[in-house]
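Trainee: Sharing a structure, written as C-alpha cells. Questions coming.
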Amino acid sequence: LRVSPLGKWIAWLARDAETKVLNLWIRPWSEGSTTSFHSSKGRQISFATDRDICRLFTFSMDDKYLLYLRDTANGNELYHLHSMDLESEQPWLTNQDLIQDPKMTVAVGFVGTTQLWCPPETPREIILSTGKGSLFWDVSRLNLDTKQLVVLERNPMSRCLGILGVVSSIVGHYVLRFVTCGQMRAKTRAIPAVQWFPDRRRGHEIRGRTQLRVLPEISVEWAVKNCRGYWETMQSMKLTDLNLQLIGGAGSAGSARMDFGPEEVRMHSCLERDTTSYGAYSLRANSSRFREETLIAWNPNADICGFLCHPETGWPQVVYFEEDRMTKHVLDEAIAADLQFLDGQFPQLDVSVVDRCRSDAIWVIHVQGDSCPGDYYLYDRERRVLTFIFASRPQLAGLALALQQPVRVPARDGESLLCYVSRPSSFSSPGPMVLWIHGGPMARDNWGFNPDVQLLCSRGMAVFQVNYRSSIGFGRRFMKLPYGKLETVPQDIEDATKWAITNGIADPKRIVIAGGSWGGYLSLCGMTKGSELFAGGLALVPVSSIGAAGGLSFRGDPLIKMYWHEIFGPEVVKDKKAAEAVSPLYHADQIQRPLMVATCLKDPRVQPEQGAAIVDALKKRGVPCYFVTYADEGHGLRKECNLLDFWHRAECFLCQCLSLPQPPTLDSAWTEGTSATVEFDGMGGVA
C-alpha cells in the first residue's frame, strides 16, 4: 500500500479475480478519509495475466504518473520502468515502457539496493541507475513525458575507453611489481561500482558513490566529489570485510548510504567497528576531513538493517537494528511520540512505516508478527487516528498459526547461532522437523510471519531455521568466519540439528533438510556429509559444484565473480580437488535417503544443470529422488501457479519422508498454467 506524494492517490497490489495475478489498484484519496476507507471501492488499473505486474511501484512527485519496475521477461532480472497516466480516464491505456533499449536494466539488480530518486524540483523527471546487464551502473535522468534518457554520471566500465584504462592500470601494476621484484605496487584506477548517492540539498546532484579498486587487493571505497569535480576517497576497506548490502545481500544487511549536510556527510558504513554504524564525517578542508566526528547510531550486537527517512528531505529520522527481534533508535524527536503511540497500539508485533506523503500528514503502516500475516493501516498524524485498510492474507483469519521462538544454539567451536523454531499448536515433542536453510549466504532468517514456515507447520512438522556463520546482520567477524573455510557452515547445520534432538524438539529419525539457492547447496551438503541425520532432503535451484569444480554465474559479471572468489577462498577457486571436496556433486555416492530437486530453466544465477547433475548421479545408484523443472522461471519461483505447484509437491514429499499423513489433493484450477515438468520420479509418485 502506498500514498502519493501530494496525498491525492492511494495504490496497492491485489489479485485479479479471474487470473489470480497481482495487479495494481488505485483510488483517489479525496473520495475517502481515514475513517471510511474500503479497499473494494478501488479500481484496477493494470491487467497483467502472465505474472505479477511488478517488483515495486511509486508515484511521480506531482501525482500524475504511477511508476513501476517490471522485468522484461519472467525471472531474467533485467528491469524496465513503466508508467501510467493517472489523470487519464483509462490509465491502463497510457501504460508505456519508459526504457527504449531492450538490453538495458535499471534501478535494481543483484547488487545493492534500489537506486531510483524522484526530485521534487523536477516532478516530471526522475534519476535512476542504468546499465547494460552488468552491475557497473551509470546514473541517468529520465523525462517521464518524453522518455528521454540523459546520462548524468558515467561509469568508466560502461565505455570501451574506461575498460581500457582499467586494464592498462592492472597491467602497469604487475609490470611495476615485476621490475621492482615485488617491492613496489601501483594502485589500479577505482572502478565505480553499484551505488550512487545524491545530495538533496543541491537538486539531487550526485556527490557520493561506492567504488571498487581491484589491486593491490580488491577493496571497496566510499568517495565524494570535490568542488573541482574530482572523486576523493573517504574510506577504503577490503571487499571481504564488507558487511553491507553491496553484493548479493538481503535487506537485513542494511544498505550503504550517504546523506549530505552543509559541511558534513553522514554515512552508514562498516569501517570503524565490527557492526555497521551511522556517523557524521567532516567535509571541511582541515585535519579532521573524512574522519568520523560524531557517532550517531550503533549497536554492538547487530548491524543496521534500515532507516526511516523524512519524505521531503530524505534525512534519516530512525535507525533500525535486528537481533532476535527488530529494535529502533529514534534520531528525530519530532516523530518519537507518533512511533510510541503506534507501538502501544500493537504490542508484541512489529510496526513499520512503509510510506508517507510529502506533507507528512498521512503514514502507511504495516503491522506483522509470527502469527500475524500482516495488516495495513493509514495513520492520520494530526488526529492520531488509525484506520484499518486491509489484511494481506484475510483467508488466514481465525486459523491457529504457529508461534516462532528465538533460541541460541552453541556451535562446536563456541560460536552462538541465533535460530528460530516454529511448532504447530498440536505438536507433540519430539516430533517431525524440517531444517529450513536460508540462501545467500549474505542473508538471514528473521522473526515474523513466514508463509512457507506456516504451511509446513500446518502439516504437522516443526520448522527449525538456522543463522549459520556468514549470515549477515551480526557483524563482520561472524560474516567472515567461513570465508575460505566453507566446511564449517555444514558443521553449524549439523550442530543445530543435534541441539534440536537433544532439547527434545526433533525425533532423530524424522528430520528433513531443505533450502533454496545457497540454502539448496547446504541441503545437499547435509545429505552428503550428515546423511545419517536426515530422512530426506529438498533443494530448490541448488548449487551442487563450486569454484574450480563448477561455478556460479550472473551473466558473467566480473563483480559477482569477485564476490564468490572471496567467499570460496583461493584454494577452492584454483584447485579442482579442493573445490570437489566442498562440492556435493562429487560426494553424491554418500546420499542414501530420498532427495527432491527443483530447478528453473531460465535461472540467470545458478545453471539448471547443477541440479540435474546431482539427480543423474542418484539415478545411476537407484537412490529415491524426484526432479521437477519450471520452464518459465528464473532464480526461484514467482508465478503463483508455479509456487502453488512446487509447494504442493514439496509438502507431499516432506510428509512422505516424515511419515505424516498426505496433504489434501490440490485442485488443478490453482495450478492451471504451471510450467512444471516432472523430469524424473523415483519416489513412486509425490503429488
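The values are calculated or read from the model by the stated rules, or taken from the named source; none is laboratory data. Just so we're clear, the structure is a prediction, and the values are computed from it rather than from any experiment. Neighbour counts are summed over all protein chains in view; Cβ atoms, including those assigned to glycine, are modelled from backbone coordinates with ideal geometry. For accessibility, only protein heavy atoms count, side chains too; no ligands or nucleic acids. Shrake-Rupley method; radii C 1.70, N 1.55, O 1.52, S 1.80 Å.
Trainee: May I ask you to list the residues in segment 55-77 that are open to solvent by 30 Å² or more (accessible area, probe 1.4 Å) and aliphatic (A, V, I, L, M)?
Mentor: Within segment 55-77, the subset open to solvent by 30 Å² or more (accessible area, probe 1.4 Å) is 55-56, 58, 62, 70, 72-73, 76.
Within segment 55-77, Leu56, Ala73 meet the criteria.
Trainee: Here's another thing I want to ask about it. Filter segment 447-472 down to the residues that are part of a loop (DSSP other than H, G, I, E, B) and either modelled with pLDDT under 95 or touching a helix residue (DSSP H, G or I) at 6+ places or on another chain (Cβ under 6 Å) (or both), then identify the one that is nearest to Leu524 (Cα to Cα). Explain how you work it out, then say what you get.
Mentor: Restricting attention to segment 447-472, the residues satisfying the condition of being part of a loop (DSSP other than H, G, I, E, B) are 447-450, 459-461, 467-472.
Those left that are additionally either modelled with pLDDT under 95 or touching a helix residue (DSSP H, G or I) at 6+ places or on another chain (Cβ under 6 Å) (or both): 459, 468-472.
Values: Arg459: 23, Tyr468: 15, Arg469: 17, Ser470: 18, Ser471: 18, Ile472: 22 Å.
Across segment 447-472, the extreme among qualifying residues is Tyr468.
Trainee: Now a separate question. With the condition being at pLDDT 95 or above and at negative phi, I'd like the helices (runs of 4 or more DSSP H) fully within segment 492-576 carrying at least 1 qualifying residues. Show your work before the answer.
Mentor: Values: elements: 518-529, 558-568, 570-574.
Ranges flagged: 518-529.
Trainee: Any chance you could count how many residues in segment 90-110 are outside any strand (DSSP E or B) and open to solvent by 40 Å² or more (accessible area, probe 1.4 Å)?
Mentor: Here is the first cut: in segment 90-110, the ones outside any strand (DSSP E or B) are 90-95, 98-104, 107-110.
When the remaining residues are screened for being open to solvent by 40 Å² or more (accessible area, probe 1.4 Å), the result is 90, 92-95, 100-103.
Counting residues in segment 90-110 that are outside any strand (DSSP E or B) and open to solvent by 40 Å² or more (accessible area, probe 1.4 Å) gives 9.
Trainee: Here is a check on your reading of the model: is His635 without any contact (Cβ under 8 Å) to a residue 40 or more places away in the chain and under 21 Å from Ser523 (Cβ atoms)?
Mentor: Numbers: without any contact (Cβ under 8 Å) to a residue 40 or more places away in the chain: no; under 21 Å from Ser523 (Cβ atoms): yes.
For His635, the condition - without any contact (Cβ under 8 Å) to a residue 40 or more places away in the chain and under 21 Å from Ser523 (Cβ atoms) - is not met.
Trainee: While we're here: Take the residues of segment 337-391 that are more than 16 Å from Val3 (Cβ to Cβ) and among the aromatic types (Phe, Trp, Tyr): which is most open to solvent (accessible area, probe 1.4 Å)?
Mentor: Of everything passing the filter in segment 337-391, Phe341 is most open to solvent (accessible area, probe 1.4 Å).
Trainee: Quick test of your reading of the structure: Gln340 fulfils all but one of (1) polar (S, T, N, Q); (2) without any contact (Cβ under 8 Å) to a residue 24 or more places away in the chain; (3) assigned to a strand (DSSP E or B). Name the failing condition by number.
Mentor: (3)
Trainee: Among residues belonging to segment 632-687 that are of a type in the set (S, T, N, Q) and in contact with a His (Cβ under 9 Å, 6 or more places away or on another chain), point out the one that is nearest to Gly75 (Cα to Cα). Show your work before the answer.
Mentor: Filtering segment 632-687 for residues of a type in the set (S, T, N, Q) gives 642, 656, 659, 662, 665, 668, 671, 674-675, 677.
Applying the additional criterion that residues be in contact with a His (Cβ under 9 Å, 6 or more places away or on another chain) yields 665, 671.
On the way: Thr665: 28, Thr671: 19 Å.
Going through the qualifying residues, I end up with Thr671.
Trainee: Same structure again: Can you say whether Glu87 is at pLDDT below 90 and either open to solvent by less than 20 Å² (accessible area, probe 1.4 Å) or not in a helix (DSSP H, G or I) (or both), as far as the supplied structure shows? Steps first, answer last, please.
Mentor: Values: at pLDDT below 90: no; either open to solvent by less than 20 Å² (accessible area, probe 1.4 Å) or not in a helix (DSSP H, G or I) (or both): yes.
When the stated conditions are applied, Glu87 does not pass them.
Trainee: From the list Asp603, Asp632, pick out the single residue that is in contact with a Cys (Cβ under 9 Å, 6 or more places away or on another chain) and crowded, with 16+ Cβ neighbours inside 10 Å. Write out each step before concluding.
Mentor: Working: Asp603 fails: in contact with a Cys (Cβ under 9 Å, 6 or more places away or on another chain).
Exactly one residue qualifies, and that residue is Asp632.
Trainee: Kindly indicate whether any position in segment 310-325 is in a strand (DSSP E or B) and of a type in the set (D, E, K, R). Give the derivation first.
Mentor: Here is the first cut: in segment 310-325, the residues in a strand (DSSP E or B) are 316-322.
Add one more test, that the residue is of a type in the set (D, E, K, R), and what stays is 322.
Yes, that holds for at least one residue.
Trainee: Do you know which of the residues in segment 446-503 that are surrounded by fewer than 23 Cβ atoms within 10 Å (Cβ to Cβ) and of a type in the set (Phe, Trp, Tyr) is nearest to Gly537 (Cα to Cα)?
Mentor: Trp499
Trainee: Further question on the same structure: What number of residues in segment 116-158 are in contact with a Lys or Arg (Cβ under 9 Å, 6 or more places away or on another chain), outside any loop (DSSP other than H, G, I, E, B), hydrophobic (A, V, I, L, M, F, W, C) and open to solvent by less than 50 Å² (accessible area, probe 1.4 Å)?
Mentor: Final tally of qualifying residues: 5.
Trainee: (1) open to solvent by 30 Å² or more (accessible area, probe 1.4 Å); (2) within 30 Å of Glu532 (Cα to Cα); (3) under 31 Å from the mean Cα position of the chain (by Cα): which one isn't true of Gln662, the others all being true?
Mentor: (3)
Trainee: Find the residue count for segment 422-437, including only residues that are closer than 27 Å to Leu524 by Cβ and surrounded by fewer than 22 Cβ atoms within 10 Å (Cβ to Cβ). Break it down stepwise before answering.
Mentor: Narrowing segment 422-437 to residues closer than 27 Å to Leu524 by Cβ: 422-423, 430-437.
Among the residues that remain, those that are also surrounded by fewer than 22 Cβ atoms within 10 Å (Cβ to Cβ) are: 423, 430-431.
Here the count works out to 3.
Trainee: Could you please find all residues in segment 291-302 being surrounded by 16 or more Cβ atoms within 10 Å (Cβ to Cβ) and not β-branched (Val, Ile, Thr)? Let's see the steps before the verdict.
Mentor: The initial filter retains those residues of segment 291-302 that are surrounded by 16 or more Cβ atoms within 10 Å (Cβ to Cβ), namely 292, 296-299, 302.
Across segment 291-302, the qualifying residues are Glu292, Ala297, Trp298, Asn299, Ala302.
Trainee: While we're here: Which residues, counting only those in segment 392-402, are surrounded by 14 or more Cβ atoms within 10 Å (Cβ to Cβ) and among the aliphatic types (A, V, I, L, M)? Full working, then the answer.
Mentor: In the first step, residues of segment 392-402 are kept if they are surrounded by 14 or more Cβ atoms within 10 Å (Cβ to Cβ); the result is 392-393, 396, 401-402.
If the condition is that a residue be surrounded by 14 or more Cβ atoms within 10 Å (Cβ to Cβ) and among the aliphatic types (A, V, I, L, M), then Leu396, Leu401, Ala402 are the ones that fit.
Trainee: Determine which single condition Cys305 fails, assuming it passes every other condition in (1) surrounded by fewer than 18 Cβ atoms within 10 Å (Cβ to Cβ); (2) modelled with pLDDT under 95.
Mentor: Of (1) surrounded by fewer than 18 Cβ atoms within 10 Å (Cβ to Cβ); (2) modelled with pLDDT under 95, only one is false for Cys305: (1).
Trainee: Hey, can you tell me all the residues within segment 218-258 that are hydroxyl-bearing (Ser, Thr, Tyr), at pLDDT below 85 and not in a loop (DSSP other than H, G, I, E, B)?
Mentor: Passing the criteria: Ser219, Thr240, Ser252.
Trainee: Do the conditions hold for Thr599, that is, is it part of a strand (DSSP E or B) and farther than 24 Å from Ala535 by Cα?
Mentor: Values: part of a strand (DSSP E or B): yes; farther than 24 Å from Ala535 by Cα: no.
Taking the combined requirement at face value, the residue does not satisfy it.
Trainee: If you check Ala650 against the conditions, is it part of a helix (DSSP H, G or I) and touching a strand residue (DSSP E or B) at 6+ places or on another chain (Cβ under 9 Å)? If you could, list the steps in order and put the result at the bottom.
Mentor: Details: part of a helix (DSSP H, G or I): yes; touching a strand residue (DSSP E or B) at 6+ places or on another chain (Cβ under 9 Å): yes.
The answer is yes for Ala650.
Trainee: Out of segment 506-528, which residues are farther than 18 Å from Cys625 by Cα, open to solvent by 10 Å² or more (accessible area, probe 1.4 Å) and out of contact with any Gly (no Cβ under 6 Å at 6 or more places or on another chain)?
Mentor: Pro508, Lys509
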